[in-house]
Amino acid sequence: MIPVAEFKQFTEQQPAFKVLKPWWDVLAEYITYAMLMIGVFGCTLQVTQDKIICLPNHTSADVVSQITCQEFTQQSSASNDSDLETTVPPPTATSSPPREMSGLRNNLDLQQYSFINQMCYETALHWYAKYFPYLVVIHTLIFIICGNFWFKFPGTSSKIEHFISILGKCFDSPWTTRALSEVSGESSQEKPNQERSIDRELSKPNFEEGSPATADLPIPDKLVAETSSASALDKKEGEQAKALFEKVKKFRHHVEEGDLLYSMYMRQTVLKVCKFVLITIYNAVLVGKIHFIVPCSVHTEDMTGYNSFCCNHTKAHLFSKLAISYLCFLGVYGLTCFYTLYWLFRRPLKEYSFRSVREETGIGDIPDVKNDFAFVLHLVDQYDSLYSKRFAVFLSEVSESRLRQLNLNHEWPADKLRQKLQHTPEGRLELHLFKLPGLPDTVFEVAEMESLKLEMVNEALIPPLVSKLVRLEELSLLNCTAKVQHASMAYLRDHLRILQVKFDDIKEIPLWIFGLRALEELHLFGWLSQDLSKNPALESLRELKSLKVLTIKSNLSKIPATVADVAGHLQKFSIHNDGTKLLTLNALKRLVLVKELELVRCELERIPHAVFSLTNLQVLDLKENTLHTIEEIISLQHCRKLSVLRLWHNQIAYIPDHIRKLKGLEELSLNRNKILVIPSQLFLCNKLRHLDLSFNEIRELPPEIGVLQLLQYLGLSGNFLEDLPTELFFCQKLKTLKLGQNRLASLSPKVGSLVCLVKLELKGNRMDMLPPEIGNCLSLKRSGLNVESLLFDTLPVDVRDKFKED
């Protein structure tokens, strides 16, 4: 016997592959098993039993066509006088008396019969009758190989195994059950309209400029709270689901590029059809060659005395029945092949739509797929459409965002977020989130937060829960494309006061920020196009009716004309240009109410004339430009409210005498320039409280410095001063005096008269000792005295002890 287990290796395949075997492939597989059993059974009979039995024919024949085995049979049953052993009397009309049978003596021994049987089997029996069982086995194995070739071919097997692995994990994932149960749960609560509304918000969360921004939209706190408070997956399950989303994305990107799976399945189906037609034709023709009686001519007269034989093919009857059964199974198999072709050509299998899944689950953003990805999903549907439904959950960005949200909420509880709260320089309590995959809902449980900074947070979605942050005034979006739901916008537009946006592309500026009608400060940091007509975001500035502070840190060549749209209520305007030359400043003239103006790093060579018409200007900052001269400073006298002038970090060589016209100056910063001489007329600005001349080339300080009785800050570090006028110490209100990195050899004992002095910098001079009178500076602490340790040790012990006590 040939055990069927020997053929197991030809039919064995992983059980997981069954999801890609539609019903016709399964039926064809069972049919091949039946045909294989027919072939194995025939082969077993062929091996274990005698193949043919021959008897000699007494009529000599040279060729097989002359042998008539039927006549031989009739002759052998008749009487033969020469060989008759017993005689039978002729029958009468009234009775049939028994007659004695007789036969022919052939005088052949057993070995001769065996030899003749073998010779006739090889020469007389038709090849189809001899090899029929083996042909059945070979044909069936070919069908099995054709039906499973794409599961083993290197180019397709890897994709199939990968897909089946992902499909199984998606089917069994707890997140799949969770996502579908949430949808079914919401449907059972009779909230179809509300569900569609929430899905639209999840899929299109941006606030659009054309939408009714001022409408009083309800904030579904209860609904959002129920969604966010649902039982979260454990950390391991959440990470596994997150990894599945990534695998599905990569597999889709890889498989959708080609149609190798479809082509291979098509080719093997066509090959099976061709094979079926060929096998059916030649089997139908040759099945009649299986005969029970087979004439045989063997030239063995010298050995046996006979040259013609009549043989009995012992398995002919059984083989003919097996052949008919085989042809029947083959016909059914052929029908499955033709149906497969019909299915392949009936509709486009390179496109797959999840429309029914979207309608059933309510997840509206499941994308349609194409090429090989679509084909395998069509095959899966033939097995069980539930697989595609559960798999579709991992194609949805909405589903992925929900999972990300659950993981974020689990990873960032409210207590952990409270530990990250810090105070800003302005005194606000700020939460800074950096490089998170999203915005946790737990953020909105930190009700004491006043400022929220999102830096490089991917796909941040601000939900209606933001209404819980009753103290939120400031929002910073640093390289973060935040989206806002409509219900959230209703709250933000009335409560948000300060907004900072840092971007790499103008398109990253969210348009919803221009619907914040209560916004008072807007700070934009990023590169803008030199062609301002290509900056549509700036065109929306006119919508900010409450804007008072506007800061643009970019590369502008001219001030946007849209700034004039907010000129009527703008109080502070800042441009930080990062070295790009600002050529056109005419728009500044329309900022009639502006109080603070900053033009930093704009490559300005002179003070812009447009500034002189700003009658309400109080602060002018021209830091880090290329100013060489400030002769036109006299025109600033028209800015009668100007109190702060910062011309620091430029290349100014001298201060013009008519600076005395700026009687209202309280702060003058000329540090980091190339000034050689300080004109005495400068000190006619007797309201100065802050004067910074640090890091210039000043060699002498005029005695008129003593006129500045209101002076509280004086910076002279980084110059070439060798001596200080005694009149300096008449400035009794000095709190900060910076004299470091000069050439001072000594310090006047009159320094002790500066009783308000809080900070004194002397480090980097040529002093050998400090005057003991420095101890009379009652407000000066050791932390505020910046000198070398050796120089400090020259003070008397009691003075040093006084500083140490402080």
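The values are calculated or read from the model by the stated rules, or taken from the named source; none is laboratory data. Values in this document were obtained by computation on a predicted structure and should not be read as measured data. Here the Cβ is made from the backbone with ideal geometry for all residues, glycine too, and neighbour counts use every protein chain on show. What goes into the accessible areas is simple: the full protein's heavy atoms, side chains included, and nothing from ligands, DNA or RNA. Shrake-Rupley method; radii C 1.70, N 1.55, O 1.52, S 1.80 Å.
Is it the case that the stretch 765-786 has a residue that's in contact with a Gly (Cβ under 6 Å, 6 or more places away or on another chain), farther than 18 Å from ASP801 by Cα and open to solvent by less than 50 Å² (accessible area, probe 1.4 Å)?
No: zero hits.
What are the residues in the stretch 566-596 that are touching a strand residue (DSSP E or B) at 6+ places or on another chain (Cβ under 9 Å) and in a helix (DSSP H, G or I), if any?
Of everything in the stretch 566-596, those that are touching a strand residue (DSSP E or B) at 6+ places or on another chain (Cβ under 9 Å) and in a helix (DSSP H, G or I) turn out to be VAL566, ASN586, ALA587, LEU588.
Restricting attention to the stretch 487-497, does a residue exist that is open to solvent by less than 30 Å² (accessible area, probe 1.4 Å), in contact with a strand residue (DSSP E or B) (Cβ under 7 Å, 6 or more places away or on another chain) and within 19 Å of SER546 (Cα to Cα)?
Of the stretch 487-497, the ones open to solvent by less than 30 Å² (accessible area, probe 1.4 Å) are 487-493, 496.
From what's left, in contact with a strand residue (DSSP E or B) (Cβ under 7 Å, 6 or more places away or on another chain): 488, 492, 496.
Applying the additional criterion that residues be within 19 Å of SER546 (Cα to Cα) yields 492, 496.
Within the stretch 487-497, one or more residues are open to solvent by less than 30 Å² (accessible area, probe 1.4 Å), in contact with a strand residue (DSSP E or B) (Cβ under 7 Å, 6 or more places away or on another chain) and within 19 Å of SER546 (Cα to Cα).
Which one of VAL484, VAL466 is in contact (Cβ under 8 Å) with a residue 12 or more places away in the chain, β-branched (Val, Ile, Thr), open to solvent by less than 10 Å² (accessible area, probe 1.4 Å) and farther than 19 Å from ARG428 by Cβ?
When all the criteria are applied, what remains is VAL484.
Given the conditions (1) outside the structural domain of LYS275 (by the TED database); (2) within 30 Å of VAL255 (Cα to Cα); (3) open to solvent by 30 Å² or more (accessible area, probe 1.4 Å), which single one is not true for TYR339?
That leaves (1) as the condition not met.
How many residues does the stretch 562-581 contain that are closer than 22 Å to ASP505 by Cβ and not charged (D, E, K, R)?
Looking only at that region, the number is 8.
I'd like the residue in the stretch 631-664 that is of a type in the set (A, V, I, L, M, F, W, C) and more than 20 Å from VAL600 (Cβ to Cβ) and, out of all such residues, is nearest to the chain's Cα centre (by Cα).
Step one: filter the stretch 631-664 for residues of a type in the set (A, V, I, L, M, F, W, C), giving 633-634, 636, 639, 642, 644-645, 647-648, 652-653, 655, 659, 662.
When the remaining residues are screened for being more than 20 Å from VAL600 (Cβ to Cβ), the result is 634, 653, 655, 659, 662.
Working: ILE634: 60, ALA653: 56, ILE655: 59, ILE659: 61, LEU662: 60 Å.
That would be ALA653.
Assess whether ILE281 counts as being touching a strand residue (DSSP E or B) at 6+ places or on another chain (Cβ under 7 Å) and loosely packed, with under 15 Cβ neighbours inside 10 Å. Working first, answer last.
On the way: touching a strand residue (DSSP E or B) at 6+ places or on another chain (Cβ under 7 Å): no; loosely packed, with under 15 Cβ neighbours inside 10 Å: yes.
No; evaluated as a whole, the condition is false for this residue.
Enumerate the helices (runs of 4 or more DSSP H) found wholly within the stretch 299-405, keeping only those where 3 or more residues are closer than 28 Å to LEU45 by Cβ.
Output list reads 316-346.
Can you tell me which residue is surrounded by the most Cβ atoms within 10 Å (Cβ to Cβ) among those in the stretch 536-577 that are modelled with pLDDT under 80 and either within 21 Å of SER476 (Cβ to Cβ) or of a type in the set (Asp, Glu) (or both)?
LEU538
Out of VAL592, VAL644, which single residue is open to solvent by 50 Å² or more (accessible area, probe 1.4 Å) and either modelled with pLDDT of 90 or more or β-branched (Val, Ile, Thr) (or both)?
VAL592
Spot the failing condition for LEU519; the list is (1) part of a loop (DSSP other than H, G, I, E, B); (2) under 30 Å from HIS486 (Cα atoms); (3) in contact with an Asp or Glu (Cβ under 9 Å, 6 or more places away or on another chain); (4) open to solvent by less than 70 Å² (accessible area, probe 1.4 Å), and only one is missed.
Answer for LEU519: the failing condition is (3).
How about the stretch 464-473: which of its residues are in contact with a Leu (Cβ under 7 Å, 6 or more places away or on another chain) and either part of a strand (DSSP E or B) or farther than 11 Å from GLU450 by Cβ (or both)?
VAL466
Return the residues of the stretch 427-437 that are crowded, with 18+ Cβ neighbours inside 10 Å and either assigned to a helix (DSSP H, G or I) or within 26 Å of the chain's Cα centre (by Cα) (or both); say none if nothing qualifies.
Once the filter is applied, which keeps residues that are crowded, with 18+ Cβ neighbours inside 10 Å and either assigned to a helix (DSSP H, G or I) or within 26 Å of the chain's Cα centre (by Cα) (or both), the stretch 427-437 yields LEU433, LEU436.
Taking only the stretch 607-622 into account, find how many residues are touching a Ser or Thr at 6+ places or on another chain (Cβ under 7 Å) and either assigned to a loop (DSSP other than H, G, I, E, B) or loosely packed, with under 14 Cβ neighbours inside 10 Å (or both).
Of the residues in the stretch 607-622, 1 are touching a Ser or Thr at 6+ places or on another chain (Cβ under 7 Å) and either assigned to a loop (DSSP other than H, G, I, E, B) or loosely packed, with under 14 Cβ neighbours inside 10 Å (or both).
Of everything in the stretch 380-422, what is open to solvent by 70 Å² or more (accessible area, probe 1.4 Å), farther than 22 Å from ASP172 by Cβ, out of contact with any strand residue (DSSP E or B) (no Cβ under 6 Å at 6 or more places or on another chain) and not charged (D, E, K, R)? Give them in sequence order.
Passing the criteria: only GLN419.
Just a yes or no: is a residue in the stretch 413-425 part of a helix (DSSP H, G or I) and either at positive phi or among the aliphatic types (A, V, I, L, M) (or both)? Step through it out loud before you land on a result.
Step one: filter the stretch 413-425 for residues part of a helix (DSSP H, G or I), giving 414-418.
Still in the running and either at positive phi or among the aliphatic types (A, V, I, L, M) (or both): 414, 417.
Checked the stretch 413-425: at least one residue is part of a helix (DSSP H, G or I) and either at positive phi or among the aliphatic types (A, V, I, L, M) (or both).
On the basis of being open to solvent by less than 20 Å² (accessible area, probe 1.4 Å) and free of Cβ contacts under 8 Å to residues at least 24 places away in the same chain, does LEU760 make the cut?
Criteria not met by LEU760.
Determine whether HIS628 is modelled with pLDDT under 95, open to solvent by 70 Å² or more (accessible area, probe 1.4 Å) and in contact with a helix residue (DSSP H, G or I) (Cβ under 7 Å, 6 or more places away or on another chain).
Here the answer is no, as HIS628 does not meet what is asked.
Identify, please: which residue in the stretch 111-154 is among the charged types (D, E, K, R) and closer than 19 Å to LYS315 by Cα and is, among those, most open to solvent (accessible area, probe 1.4 Å)?
This residue is GLU122.
Filter the stretch 351-373 down to the residues that are in contact with an Asp or Glu (Cβ under 6 Å, 6 or more places away or on another chain) and open to solvent by 30 Å² or more (accessible area, probe 1.4 Å) and list them by number.
SER353, GLY364, ASP365, LYS370, ASN371
Among the listed residues GLN741, GLN732, identify the single one that is in a loop (DSSP other than H, G, I, E, B), at pLDDT 95 or above and either open to solvent by 30 Å² or more (accessible area, probe 1.4 Å) or touching a helix residue (DSSP H, G or I) at 6+ places or on another chain (Cβ under 6 Å) (or both).
From the options GLN741, GLN732, the qualifying one is GLN741.
Checking GLU208 against (1) open to solvent by 70 Å² or more (accessible area, probe 1.4 Å); (2) over 30 Å from THR32 (Cα atoms); (3) modelled with pLDDT of 75 or more; (4) not polar (S, T, N, Q), only one condition comes out false. Which one?
(3)
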